[in-house]
Amino acid sequence: MAEAAEYELEPRAERQAEGIAAAERREATGATLPGKKKTGRPRVIGPAEPATLRRPADDDVSSTEATRTLNIGRSTAYAALAGR
């Protein structure tokens with residue numbers, strides 16, 4: 001039984017290295033896996049939300065209240081306002 005496991009060890013390592021290299025190439029070119037639009041965590045806040053966040057700040061509404069209204073975290077709101 002140990003021989004079978006040892007025999008499979010090298011091909012498995014090769015397949016893993018090939019998969020890692022393919023993922024790095026996809027990431028470098030911006031390509032995605034077939035059937036997927038994008039890899040990674042989806043964005044919580046869209047392009048219109050920073051304007052929505054600035055409006056309450058101008059009206060003297062606290063950032064906590066504004067983030068609760070949009071159902072996002074304060075750190076997400078601060079990052080969006082900073083342009084990240």
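Readers should treat all values here as calculations from the given coordinates under stated rules, not as data from a laboratory. Note that the structure is a prediction, hence the values are computed from the model and not measured.
Overview of results
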read-out	value
Full-extension gain in nm, Ala82 to Arg26, via 0.36 nm per residue minus C-alpha separation	17.3 nm
Shape category assigned to the range 43-84 from the gyration tensor of Cα positions, a/c cut at 1.5	prolate
